[in-house]
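The values are calculated or read from the model by the stated rules, or taken from the named source; none is laboratory data. All values reported here derive from a predicted model rather than from experimental measurement. Here the Cβ is made from the backbone with ideal geometry for all residues, glycine too, and neighbour counts use every protein chain on show.
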Amino acid sequence: MSSGTACAPDSSSLSAPGEPSSTLLQRVILPRRADPVAVRALYVDEQPATAQRVEPRGRGAAARSREVDIAITLAHPNARRVRALSRTSVQVPAQTEVSFAAYFNAFPASYWRRWTALRTVHLRLDVEGAGRIDVYRSKADATQIHVHGELIEGCGALDIELDLTPFEDGGWYWFDLSTEDAELIVHSGGWHAPLPAPGRAAVTIGMPTFNRPTDCVATLRAIGEDELLRSIVTAVVIPDQGVNKVREQDGFPAAQAALGDRLRIIDQPNIGGSGGYARVMYEALENTDCEQILYMDDDIVLEPDSVLRAVAFSRFARHPMLVGGQMLQTQCRSRLHAWGEIVDRQRMRWNKAPGTEYDHDFAQHSLRQTTWLHRRTDVDYNAWWMCLIPRRVAEHIGLPLPLFIKWDDVEYGLRARAAGYPTATVPGVAIWHMSFADKDDATDWQAYFHLRNRLVGAALHSTGARPTAMLADSLKHALKHALAMEYSTLALQEMAIRDFLAGPQVLFDKLPTALGEVRARCAEFPDGQVVDSHELPLPTRGQLDVQRMLTPPTNPVTIGATLLARLAHQLRPVDARSRHRPQLSLARQDARWFVLSGLDGVTVSTADGRGVTYRKRDPRAFRSMLARSVALHRELAREFPRLRARYRDALPELTGHLGWKRIFDA
């Protein structure tokens, strides 16, 4: 350990103290005092006992055989918990062992190895007291390898050089601290590059907002209160599209004072997320000298270090690329929504990357326990809850498409990839955001944007001239919606197909009006209206009937027989009593097609639990809407090659400054 006279140096510099030739990549950070207990698992691993290494969930004996037990035995099973002295300093009591093999403090070496020019990294810690440090790395299969061990005595600085070469397929670096009879304090620490970062750290942060002023101000305060983050921000652009204005929110004056003239709030009509993000990029390119443009949602909780890490990663990238952050769940702060996502360009659907899992809880399964977290995951795009786009990329490929919401981030990632700019979703770069499990966006008014924009994405990026797989998938889901009495969803999908068939110019034309039209059409159907359950009479059937119906068909024979029986039911007369009194009251998770399709009237709770929709079977609507859906899908199959060419020819205008400027000026 090299000695030093100061045990608590200033950690707010981008370069290591006394060594301007190095660059800080990732600070060691601790949870806030107000954070829930489960959040600690994202910063430190304090598990006191042997645990199991966990593989992704699968089926059959082959999947089970991949599960491997490993022993993680800590030195002190009854160890005391460490104490965060600040966001960047920690006290390790005597007789304690703690691992920093945690989401925000382990170093994702394989991502830096794959995408950046770095081949070594330095772990630097400023420490005081007595104890031991042990540095480990993992392989892609989660095998742990001890790479450095050192006793700590007194006050000074540790500087450990680590090789990034053996991380082609996966792996992390992390360090453990242990004490015997005395405590150990880490005043500051971080992972550093041994050379200055190319280019400039100059980021414009953009957050379009719609009636989320409280969340927006909280994020502004988080940016303004972090000195290191504030030093690299050239502008914060907020297109305010709501009626509850950010400027009128309590706490805004203090947030504004911290950012000064770098804060730019632009009042504009609600032209959706894509309209807000397009405005951010337009302002960043036209009115700032930024090198990076960072998109974030308005309803997030920000970990400020995530911005610093994304910018550092972007600067060291061998070639310009998008740097994505991951989404932790606001409702359960230790849960990660997705590790990374890909796009099936035959069906035009996004999904989790192969070998990963949705909804991983770090409080239940730590980094060291979970095998699949150690393999590097490559992605096709990153959602815009947090995504950094280099200025050079934005200047080359243009602004987002005018899609209002849905698919704008996916399309931009695919467009960037086609132009030679990949995306990396980097672990340890993240925000907290509301879980999508609390949204009905596949069946409510957003269903219009899902399908229309999915078709636009297929026209621009699908692998074949005719989207046979996508149209078959779309028809299958149309039948499911019809059987589930989701007539409003079918009506919105009909609107979506007709608007796509009308051609690319409709995208700009519909931008200011689509939301109102969609909501009005949705409200014409009982299943598109949310009501309080106490406003409705009690169902005629009991909960035992629900349980009897919940067993799903599980093989092709029973699935086919159930489908034929349910189709026959759709042609029978409706029980008139079900128009005024539901037969059953179903929880959302029980509202499966094989249950709903055998009923005439049923209430189904919404995803957020705030109400129910009353679904009423309508044989005439079932027949006519399905017939129109089949006819429209036939027309899509026939016209798609021509439309594909039209949308591709129109792409420069749809993503150019002039087209968007007309919208902004209007």
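Suppose the filter is buried (at least 16 other Cβ atoms within 10 Å of the Cβ) and in a loop (DSSP other than H, G, I, E, B); does GLY503 pass it?
no
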Among (1) in contact with a Pro (Cβ under 9 Å, 6 or more places away or on another chain); (2) in a strand (DSSP E or B), where does GLU150 come up short?
(1)
In the range 78-92, what residues are part of a loop (DSSP other than H, G, I, E, B) and touching a Ser or Thr at 6+ places or on another chain (Cβ under 7 Å)?
ALA79, ARG80, VAL82, THR88, SER89
Exactly one condition in (1) surrounded by 13 or more Cβ atoms within 10 Å (Cβ to Cβ); (2) at pLDDT below 95 is false for GLY560; which is it?
(1)
Can you tell me which residue in the range 451-473 is farthest from ARG349 (Cα to Cα), limited to those that are of a type outside the set (Gly, Ala, Ser) and surrounded by fewer than 22 Cβ atoms within 10 Å (Cβ to Cβ)?
ARG466
What pairs come up if the first residue lies in the range 551-570 and is among the β-branched types (Val, Ile, Thr), the second is part of a loop (DSSP other than H, G, I, E, B) and modelled with pLDDT under 90, and their beta carbons are under 7 Å apart, counting only those six or more places apart or on different chains?
ILE559/PRO553; THR562/PRO553
State whether one or more residues within the range 547-556 are surrounded by 17 or more Cβ atoms within 10 Å (Cβ to Cβ) and outside the structural domain of ILE405 (by TED's automatic domain parsing).
yes
Number of positions in the range 340-364 that are more than 11 Å from GLY457 (Cβ to Cβ) and surrounded by 20 or more Cβ atoms within 10 Å (Cβ to Cβ)
5
Condition (residue is farther than 22 Å from GLY260 by Cβ and either part of a helix (DSSP H, G or I) or not assigned by TED's automatic domain parsing to the domain that holds ARG32 (or both)) applied to the range 224-241: is it met by at least one residue?
yes
Quick one: in the range 276-334, of everything that is of a type in the set (Val, Ile, Thr) and surrounded by fewer than 22 Cβ atoms within 10 Å (Cβ to Cβ), which residue is farthest from the chain's Cα centre (by Cα)?
THR288
Picking from ALA416, ALA430, which residue would you name as being within 30 Å of ALA106 (Cα to Cα), surrounded by 19 or more Cβ atoms within 10 Å (Cβ to Cβ), under 17 Å from the mean Cα position of the chain (by Cα) and not assigned by TED's automatic domain parsing to the domain that holds THR606?
ALA430
What are the pairs with Cβ atoms under 7 angstrom where one residue, in the range 232-259, is in contact (Cβ under 8 Å) with a residue 12 or more places away in the chain and over 17 Å from ALA222 (Cα atoms) and the other, located anywhere, is aromatic (Phe, Trp, Tyr) and crowded, with 16+ Cβ neighbours inside 10 Å? Sequence gap at least six, or different chains.
GLN241/PHE210; GLY242/PHE210
